[in-house]
Amino acid sequence: MAASLMIDTSLTSYETGHKLKLTTKTITWLLLAIAVATIFYITVETKRIHQIESFNKAVMEGRSPETDRESFEAKFATAYWLAKKERFKESALIFSNLLPKAEPKQKAAIYHNIGNIYFLRGLAINGTNNTVRDEAEYLLRQAKSAYVNSLKLDNTNWKTKHNLDRILTMLPTTPTPGVGGDEKAGLIMGNIPVGLP
């Protein structure tokens, strides 16, 4: 007599003790459900990839993205392109509003861009009178401060180091009184001897 080998494909539940029979029909429905879930997941991810591509394209072209408008990246890109279009005040305001939400590396990039804004504004000022000179010096000192803050957060950015070096060569060695946040800045009083008689 030939012995027949029978495989038990049933599962036993530990809680109830009942056996669950894995039939071909059950396995087919299970695989079909997995296939439908997989197709749904692939569809959602493909849509998201297209959204990301259109977002990146809009950012690269300087347009406002259609998706993720409230994201950090969208606001950063908007501020960046505003600065490129020389709308410095709006750009600096957006960058400043991003600082509380940013991570250290992002803050370094924000400070770098704020420094660039002040630097470009300081270079753009023309004239020879004292008011123009004071305003230009103020803007360059603000740029210096922003670059220093950027380097405190990320000292690996060579562009920031280069720009800070350029600012330091442009600024006077002795600060103009009342310009900048230096504690040493004060009134210059001519004709008063220094030291005790």
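The values are calculated or read from the model by the stated rules, or taken from the named source; none is laboratory data. None of these values were measured; they are calculated from a predicted model. Cβ placement follows ideal geometry from the backbone for every residue including glycine, while neighbour counts extend to all protein chains displayed.
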If you scan the stretch 128-161, which residues turn out to be of a type in the set (A, V, I, L, M, F, W, C) and over 10 Å from A108 (Cβ atoms)? V132, A136, L139, L140, A143, A146, V148, W158
Can you find a residue in the stretch 96-103 that is part of a helix (DSSP H, G or I) and loosely packed, with under 12 Cβ neighbours inside 10 Å? yes
Among the residues of the stretch 49-66, is any of a type in the set (D, E, K, R), surrounded by 13 or more Cβ atoms within 10 Å (Cβ to Cβ) and at pLDDT 80 or above? no
